[in-house]
Amino acid sequence: MSGASLTPDVDIFVVGGGINGCGIARDAAGRGYSVCLAEMNDLASGTSSWSTKLIHGGLRYLEHYEFRLVREALGEREVLWASAPHIIRPLRFILPHSKGLRPRWLLRLGLFLYDHLGGRKLLPATRTLDLARDPAGEPLKPGFRTAFEYSDCWVDDTRLVVLNARDAADRGAEILTRTQVIAARREAGLWRVTLRGRDTGTTREVAARLLVNAAGPWVDRLLEGALKHNDVHNVRLVQGSHIVVRKLFDHDRAYIFQNADGRIVFAIPFEGDFTLIGTTDRDYQGDPADVAASEEEIAYLADAASEYFRTPIAREDVVWTYSGVRPLFDDGASKAQEATRDYVLKLDRGPDAAHPGAPLLNIFGGKITTYRRLALSVLERIETELGARADAWTGDAPLPGGDIATTGFAGFADGLRAKWPALPFALLYRLARAYGTEIDALLDGVREPADLGQDFGAGLTEREVIYLMDREWARSADDVLWRRSKLGLRLTAAQAQALDRWMEERYSGTVPSRDTRQA
């Protein structure tokens, strides 16, 4: 920080390295604002990495009359797909009609609105399926005869967060991970933000003209703690859990099942060999960092899916579970599943309205699908407070690695065979899905498998881990295996521990860095 006069170090300080914080940092940096973002753990280590992995309009939100949210989300599907076709791709969903639940006419009406609310251009429209003839009916119990098939998109949620952070950094933002905001106070018309590195214990201060609180499930805790606000209750914490089982069907479509309790459950192809089933909705109390799928939730998801699949799902079939806490704006809804998924922005200029201090912008709620639109709304507020710098730009700008035509990923991946003929195509395809055109930087200079360095298992090599450490803020095996990839499903505990030790040694400087030809 620059001296006793407290001149600003940055225009905008963002607290929180989830999808909203990173999306705001990216948009602001691209407009010419100076930005610093602090995340107390790894990027996307909270809510943003524990989603159902969907870019979707939210078909069930129509039942709660959230038409504005659904329209905005539907419109974002193709925008986001175009920005990152390596980590976002279309996915068809099969909704079986179940006697005694929502009638056919209601499902048709909802799907008609779903097709026409959001300006769909590339995604296929809804169609009706005869489950006795369509392959989608084979894994289901014979009692289901009719289904509706509609479009949404799948997303690698954590990579979406990381790529927004990467783009923000490439445009000049400072991204600080494992850095906690321990205090923030208004002083001389600016924010004085005190930071502490969680690995090093060292502290520093940053002076900012405006503070954005995008701490997700910790948004109220930040207000109460570092910002010293009293009697804070803006968000309702709702736990959502998922289970992963071995692959239940061979086709590439997903299912959306209605439950007798009015909720829905998805069954989605996951990481090639698995099926992802989720999610639950129940109120959560306690530290969001401690959330875990309960046995009750695991049984609920297994039972819900077993109502539809021919082969019932037993507890021993579950190979992995995960759980996250959604910070929904507390609108007073009586049930967790009825609480709004829309976002709310609140601007605080300080306690003295006649002499406003440095602005604080709090972000409550939101969902991955609408993160870019949320950032646009935030930047409108920031421009009012700090003055405009440049026009909105994210609507047609690719994320790192995303400069591939939405309809051309297969051709892009196939073209990698000629560039690296000695590498297995399965590896090249996985890397292409994760990194898109950035694969050229990752594999620069590689001619044969030995050039990739140590193999930690499941095709994860030294070259890729160094890239993730140098370019994507990875510091631990969990960062690599469960956030920037899902290779944790394939590595043994011993392999994961060996990776953790190797990364710690490299981070501390005891492992020589290989030349990855990266700046």
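Computed from the coordinates by the stated procedures, all read-outs in this text should not be read as laboratory data. Keep in mind the model is a prediction, meaning the values are calculated, not measured. Backbone-built Cβ (ideal geometry, glycine too); neighbour counts: all protein chains shown.
Taking Cα centre as origin and charging only the Cβ of basic (Lys, Arg, +1) and acidic (Asp, Glu, -1) residues, the dipole magnitude of segment 136-240 rounds to 440 debye. Extension gain for Ala289-Arg349 works out to 18.6 nm (0.36 nm per residue, less the C-alpha to C-alpha distance). Around the Cα centre of the chain, unit charges on the Cβ atoms of Lys, Arg, Asp and Glu (plus for the first two, minus for the last two) sum to a dipole of about 880 debye. Taken along the Cα-to-beta-carbon direction at a fixed 7 Å, the label points for Glu383 and Glu448 span 5.7 nm. If R0 is 35 Å, the Cβ-Cβ spacing of Ala390 and Glu63 corresponds to a FRET efficiency of close to 0.30. Stretching the chain fully between Arg102 and Glu187 yields a gain of 24.9 nm (0.36 nm per residue, less the alpha carbon separation). Placing unit charges on the Cβ atoms only, positive for Lys and Arg and negative for Asp and Glu, gives segment 409-508 a dipole magnitude near 320 debye about its Cα centre. Note on Asp250 and Ser508: the model spin-label points, each 7 Å out from Cα along the C-beta direction, lie 5.0 nm apart. Considering only beta bridges that DSSP places wholly inside the chain, some 80 percent are antiparallel. Mean projected area of the Cα convex hull of segment 91-205, taken over all directions, amounts to 14.0 nm².
Distances between placed amide hydrogens fall under 5 Å for Ala215 paired with Ile363, all partners being 5 or more residues away or on another chain.
Here the Karplus relation 6.51 cos²θ - 1.76 cosθ + 1.60, evaluated at θ = phi - 60°, turns the backbone of segment 284-296 into coupling constants of 10, 10, x, 6, x, 5, 9, 5, 8, 5, 8, 4, 5 Hz, with x for every Gly and Pro. Applying the Karplus relation 6.51 cos²θ - 1.76 cosθ + 1.60 with θ = phi - 60° to segment 456-462 yields 3J(HN,Hα) values of 8, x, 6, x, 7, 10, 4 Hz, where x marks Gly and Pro.
Compared with the alpha-carbon gap, the fully stretched path from Asp273 to Thr194 is longer by 23.9 nm at 0.36 nm per residue.
Among Leu113, Val480, Ala168, whose Cα lies farthest out toward the positive end of the dipole of the chain, if unit charges sit on the beta carbon of Lys, Arg (+1) and Asp, Glu (-1)? Of the options given, the answer is Leu113.
Here the alpha carbons of the chain define both size measures, Rg and Dmax, at 23.2, 76 Å. Take every pair of alpha-carbon atoms less than 8 Å apart whose residues are at least six positions apart; their mean separation over the length of the chain yields a relative contact order of 18 percent.
Per-residue Cβ neighbour counts within 10 Å put Arg68, Arg60 in the sequence Arg68, Arg60, beginning with the fewest. 3J(HN,Hα) along segment 310-315: 4, 8, x, 9, 9, 4 Hz, from the Karplus curve 6.51 cos²θ - 1.76 cosθ + 1.60 with θ = phi - 60°, whole Hz, x for Gly and Pro.
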